[in-house]
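Scroll down for the structure; my scribbles are underneath it.
The values are calculated or read from the model by the stated rules, or taken from the named source; none is laboratory data. Because the structure is a prediction, the values reported are computed rather than measured. Backbone-built Cβ (ideal geometry, glycine too); neighbour counts: all protein chains shown. Only protein heavy atoms, including side chains, enter the accessible area calculation; ligands, DNA and RNA are left aside. Shrake-Rupley method; radii C 1.70, N 1.55, O 1.52, S 1.80 Å.
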Amino acid sequence: MTSAAPRLPALLDALGQRAPRGMVLGLDRVREALAALGDPHESVPAVHVAGTNGKGSVCAMVESIARAAGLRTGLYTSPHLSRFAERIRVGGEPIDDAAFERALSAALERVPSPLTFFEALTVAAFVAFRDAGVDLAILEVGLGGRLDATNVIAAPLCTAITSIAFDHQALLGPTLADIAREKAGILKPGAPAVLGPLDPEADAAIEAAAQAAGAGPRLRVTRSEHGGHAGEIVVGRAGHAGPSARATRVAAPGRRGIEVELGLRGAHQAENAGVACGVAWQLAGRWPEVERALPAGLAAARWPGRLERIEAGAAHVLLDCAHNPHGAQALAAWLDEEGPGAARTSLVFGAMSDKGWGEMLQTLAPRAQRRFYVTPKGRAAAPLEALCAIAPGEPIGDPGAAVARALEVAAPGELVVVTGSIYLVGEVRSALLGIAPDPVVTL
């Protein structure tokens, strides 16, 4: 910590003490807190993004595009990998310690009622963005949408829902339609919405919610090698850039199609790029330079821990935050299309016990010759013996020891995939890059 923020360690400790309250959904406390602080959220134009998977990548792409257009950006995402400040970014960088101290002290000490961990960080983000004078804030929903703390935004410039899959059913509901309705709670009167590829059940639920809310026009992303229809954004492989899965074409009726080499890995990022383009095209009505910045912004986008490759001697470590079955399927698709093959891949896997870890492991295990099972820090983890029962492997427990073991037996050029939990990826990434992490907070 810098000397410019002497109170920040104590504030972070106080923030961490809010975590045992867990995830308490609702907007009243946040609205009350923001009103006491002068309603900072009302002074910042915003984009609001929900979805089961892909929402962080879309937020990173939109932020990169806006920054390439010359806008001063704010980006609020969750969770972090190493440091709390990663959640609140200004101009593409985590908020500095002095600004973080000012914003966090306001959220913890100048509000009428105590806020939860996530509520406090959300309020701090709005304060920070107002104080920094950002032109545009990109906000990632933490959980669901309707009752998420970020949903105090009454008039977003654009909303987006990237995907709907099973996750957090205890809070969001048992069916895809239930989950979709909760995420559709971010749709607002008159605000345009961009929708990623959706299951018909989820799409129907979102369309009904959009009509009830009086939402603006909807743009839907579809993958095709042919033209689309009105209201569709079509993504496909670019025609000029060879076999790379990151060479992508995005087009929509009435818009100039673009071909770009995406900065983020994975074939699934084409759909995310389609959503980001849809958002950017909406923003171009206010800032025309945003449309011109699309190719540069998409190419420059980075999102740590998402198919992120780190060199580790003669081998490579691939970090991916897949933490539910839908995310594991996307990782498996990348391994099939761009990975070195199962015979040259090792898997370091650990997951929270309340996730679909069995289905995740069944998807990923056949794509690795060796498997090492770990217990990530955080909530209760999937039992090592249960993981071994699904697919034989070494039950090591400690993530650092497991990565060291995997690298020890890896041949030159082999790939060690670390996945299953965001907590796990954050812990391993911090160790590999020499980052001193903030204390782990579990919700």
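Tabulated results
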item: Positions within segment 66-86 being under 17 Å from Ala293 (Cα atoms) and open to solvent by 30 Å² or more (accessible area, probe 1.4 Å), in sequence order; result: Arg67, Ala68, Gly70, Arg72
item: Hits in segment 388-431 (condition: of a type in the set (Gly, Ala, Ser), open to solvent by 20 Å² or more (accessible area, probe 1.4 Å) and part of a helix (DSSP H, G or I)); result: Ala389, Gly400, Ala401, Ala404, Ala431
item: Qualifying helices (runs of 4 or more DSSP H) (wholly inside segment 247-312; at least 3 residues being surrounded by fewer than 22 Cβ atoms within 10 Å (Cβ to Cβ) and over 21 Å from the mean Cα position of the chain (by Cα)); result: 289-292
item: Long-range neighbours under 6 Å by Cβ, at least six apart or interchain, first residue under 11 Å from Ile138 (Cα atoms) and in contact (Cβ under 8 Å) with a residue 12 or more places away in the chain within segment 57-74, second in a helix (DSSP H, G or I) and of a type in the set (Asp, Glu); result: Thr73/Glu63
item: Residue ID - modelled with the lowest pLDDT, chosen from residues in segment 16-51 that are out of contact with any Phe, Trp or Tyr (no Cβ under 8 Å at 6 or more places or on another chain), closer than 30 Å to Ala328 by Cβ and open to solvent by 10 Å² or more (accessible area, probe 1.4 Å); result: Gly22
item: Restricting segment 317-336 to residues that are of a type outside the set (Gly, Ala, Ser) and more than 19 Å from Gly350 (Cα to Cα), the residue that is most open to solvent (accessible area, probe 1.4 Å); result: Asp336
item: Residue within segment 125-143 that is modelled with pLDDT under 95, in contact with a helix residue (DSSP H, G or I) (Cβ under 8 Å, 6 or more places away or on another chain), over 25 Å from Arg286 (Cα atoms) and not aromatic (Phe, Trp, Tyr) present; result: yes
item: Conditions (1) open to solvent by 20 Å² or more (accessible area, probe 1.4 Å); (2) under 27 Å from Pro192 (Cα atoms); (3) among the acidic types (Asp, Glu); number of the one not met by Glu63; result: (1)
item: Test: residue in segment 378-395 that is in contact (Cβ under 8 Å) with a residue 12 or more places away in the chain, touching a Gly at 6+ places or on another chain (Cβ under 7 Å) and not aliphatic (A, V, I, L, M); result: no
item: Neighbours by Cβ (under 6 Å, 6+ apart or cross-chain): first from segment 1-22, assigned to a loop (DSSP other than H, G, I, E, B); second among the hydrophobic types (A, V, I, L, M, F, W, C) and at pLDDT below 70; result: Gly22/Leu443
item: All positions within segment 160-194 that are in contact (Cβ under 8 Å) with a residue 40 or more places away in the chain, β-branched (Val, Ile, Thr) and in a loop (DSSP other than H, G, I, E, B); result: Thr162, Ile164
item: Subset tally (residues that are outside any helix (DSSP H, G or I) and at pLDDT 95 or above) for segment 342-380; result: 15
item: Subset of segment 87-106 (residues that are surrounded by fewer than 21 Cβ atoms within 10 Å (Cβ to Cβ) and touching a residue at least 60 places away in the same chain (Cβ under 8 Å)); result: Asp96, Asp97, Ala98, Ser105
